[in-house]
Amino acid sequence: MPTGSVPKIRPKDLRQWLEEGRPLQIVDARTGLEYRQGTIAGARHAPLVEMPVSVQRLELQLDKPVVVLCLSGHRSLPGTRWLRARGYEAYTLEGGVMAWKKAGFELNQPVS
């Protein structure tokens, strides 16, 4: 996986993007168990340990920003770097799902 820093998005800013209906793609890079326990609405599962296959399966669009999330904001970094190295406008959710919940935002059951 590529190294280096990546752009981050704060939970409140992601929430605002979602409320505005901004076209974006959310990739949940956590384990299957973590994902099934709840995720951000619209997130699709692509475990970090299965990249790049899991991302290819999602058929992400290059013209829409991608937000990668994990539990605490650390596992999403390599996934975000990997996507940016392939031309995607990708961000990592700062603080991950834990920060999302701490900000008072809800998680939804994933869509199969």
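Some points to look at:
- Those residues of the range 95-105 which are surrounded by fewer than 19 Cβ atoms within 10 Å (Cβ to Cβ), part of a loop (DSSP other than H, G, I, E, B) and in contact (Cβ under 8 Å) with a residue 24 or more places away in the chain, in sequence order: ALA103, PHE105
- Residue ID - nearest to CYS70 (Cα to Cα), chosen from residues in the range 1-38 that are in a helix (DSSP H, G or I), of a type in the set (A, V, I, L, M) and out of contact with any strand residue (DSSP E or B) (no Cβ under 7 Å at 6 or more places or on another chain): LEU33
- Candidates ARG36, ARG75, ARG10: the one that is within 14 Å of VAL111 (Cα to Cα) and basic (Lys, Arg) is ARG36.
- Total residues in the range 39-90, condition under 14 Å from ILE26 (Cβ atoms), part of a helix (DSSP H, G or I) and among the acidic types (Asp, Glu): 0
- Residue check for ARG84: closer than 18 Å to PHE105 by Cα and charged (D, E, K, R): no
- The one condition in (1) modelled with pLDDT of 95 or more; (2) of a type outside the set (Phe, Trp, Tyr); (3) surrounded by fewer than 19 Cβ atoms within 10 Å (Cβ to Cβ); (4) more than 18 Å from PHE105 (Cα to Cα) that SER5 fails to fulfil: (1)
- The residue of the range 16-67 that is farthest from VAL6 (Cα to Cα), among those that are touching a residue at least 60 places away in the same chain (Cβ under 8 Å) and small (Gly, Ala, Ser), is GLY38.
- Residue tally, condition among the basic types (Lys, Arg) and surrounded by 23 or more Cβ atoms within 10 Å (Cβ to Cβ), over the range 62-94: 0
- Some residue of the range 27-36 being farther than 19 Å from ALA99 by Cα and either surrounded by fewer than 16 Cβ atoms within 10 Å (Cβ to Cβ) or modelled with pLDDT of 95 or more (or both): yes
- HIS74 free of Cβ contacts under 8 Å to residues at least 24 places away in the same chain and of a type outside the set (A, V, I, L, M): yes
The values are calculated or read from the model by the stated rules, or taken from the named source; none is laboratory data. Just so you know, these numbers come straight off a predicted model, no measurement behind them. Virtual Cβ from ideal backbone geometry, glycine too; neighbours counted across all protein chains shown.
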